[in-house]
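The values are calculated or read from the model by the stated rules, or taken from the named source; none is laboratory data. In this text, all values refer to a predicted model and were calculated from it rather than measured experimentally. Ideal geometry is used to build each Cβ from the backbone, glycine not excepted, and the neighbour counts take in all protein chains shown. Protein only, heavy atoms only, side chains kept; ligands, DNA and RNA dropped before computing areas. Shrake-Rupley method; radii C 1.70, N 1.55, O 1.52, S 1.80 Å.
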Amino acid sequence: MKRRKFITTCGLTTLATQIPLVQVQGKLSPSTILKPPRLQPGDTVGLVSPAGIIDAEDLANAKRSLTQLGLKIKLGDHLLDRYGYLAGTDANRAQDVNMMFADNSVKAILTMRGGWGCNRILPLLNYAQIRAHPKIIMGFSDITALVLAIYARSRVITFHGANATSTWNDFTTDYAKRILFNGEAVTMQNLQTEDVQFETIASGKATGKLIGGNLSVLAAMVGSPYLPAWYKSILFVEDVREDVYRIDRMLTQLKNAGILNQISGFIFGRCTDCSLGDEPAFKLTQVLRDHLIPLKIPAWYGSMIGHIKDKFTLPIGLNVEIDADAGTIRMLESAVS
């Protein structure tokens, strides 16, 4: 059996042992990927804090932004809790997530902010219940762990995009509305401005399931049972305040773990406030070329993904086509039902 086929077969076998068959419009195979229902004006969105702490001002800003989208808001019971640098104990943060999925009045779930903490609650989530009640859940940064785990274990499309406390400007709001409300299969393309950096690392087009998130969080999940299968996927990553050698180290970890040699395409969003580090140093794009050109897959740097104000809404687990020369991500189907 060829190595890639062997890896894929093992991954599907593992998934089959993680998710029980549940009744959702009849019995479904555990490998069937579910799309959450789309949002509509007037729907209630649940707010949760699965990672870092927030304060009353954060909550007021989130309420203002989401109300302007025509949404009603329901707060997690432990939203404003504090436990050191975490927004409450692991059990309480996980309980809020589980309760929002179980609550039929809640149509989607938005995370308040990143920071750190989602990895700690992954063993406490009810993945079978989440699959039985698929809903939009979205966030970025540390929320990478949450949305990847739910996709991997519950087989539900999740979303890497704005947190509730993010800047909901016209660019970010437009993509969120078109994808989450209208159910459009959009083509994501950078703004054409002088301050938007873009560089093709390796030319070409590729198709596959879009999977990724914050590189630091993703690297910290390697070896856990909460990552999805990578075979012929499109991997996207981003990061913030990291020296280039650390990016190199994390990409090397993904390579040595057998992840990079399975993917069919690669996108690095933004490395916000990243530095070269101590001299001598590589530029980030040189490190990307070292890792990606030998793979002979399309790749580019500079997509509007990450710790920036203008953000794409990225459906994790959805089939897309990328063009590394144009820097585009084309959804091949709607991400919502």
Could you list, in sequence order, all residues of region 158-207 that are in contact with a helix residue (DSSP H, G or I) (Cβ under 8 Å, 6 or more places away or on another chain) and of a type in the set (Gly, Ala, Ser)?
-> Gly161, Ala162, Ala164, Ser166, Ala202
Please note which strands (runs of 3 or more DSSP E) are completely contained in region 39-146 and include at least 2 residues that are farther than 27 Å from Leu218 by Cβ, open to solvent by 50 Å² or more (accessible area, probe 1.4 Å) and of a type in the set (Ser, Thr, Tyr).
-> none
Based on what the data block shows, is Arg131 touching a Ser or Thr at 6+ places or on another chain (Cβ under 8 Å) and farther than 17 Å from Leu314 by Cα?
-> yes
Return the only residue of Lys205, Lys283, Lys232 being more than 19 Å from His307 (Cβ to Cβ) and in contact with a Pro (Cβ under 9 Å, 6 or more places away or on another chain).
-> Lys205
Kindly establish whether Asp278 is open to solvent by 20 Å² or more (accessible area, probe 1.4 Å) and part of a helix (DSSP H, G or I).
-> no
Those residues of region 250-261 which are out of contact with any Ser or Thr (no Cβ under 7 Å at 6 or more places or on another chain) and either at positive phi or in contact (Cβ under 8 Å) with a residue 24 or more places away in the chain (or both) amount to Leu251, Thr252, Gln253, Leu254, Lys255, Ala257, Gly258, Ile259, Leu260, Asn261
Identity of the residue in region 273-317, of a type in the set (Val, Ile, Thr) and touching a Lys or Arg at 6+ places or on another chain (Cβ under 7 Å), that ends up nearest to Arg38 (Cα to Cα) | Ile305
Just give me the residues in region 319-328 being touching a Leu at 6+ places or on another chain (Cβ under 9 Å) and surrounded by fewer than 24 Cβ atoms within 10 Å (Cβ to Cβ), in sequence order.
-> Asn319, Glu321
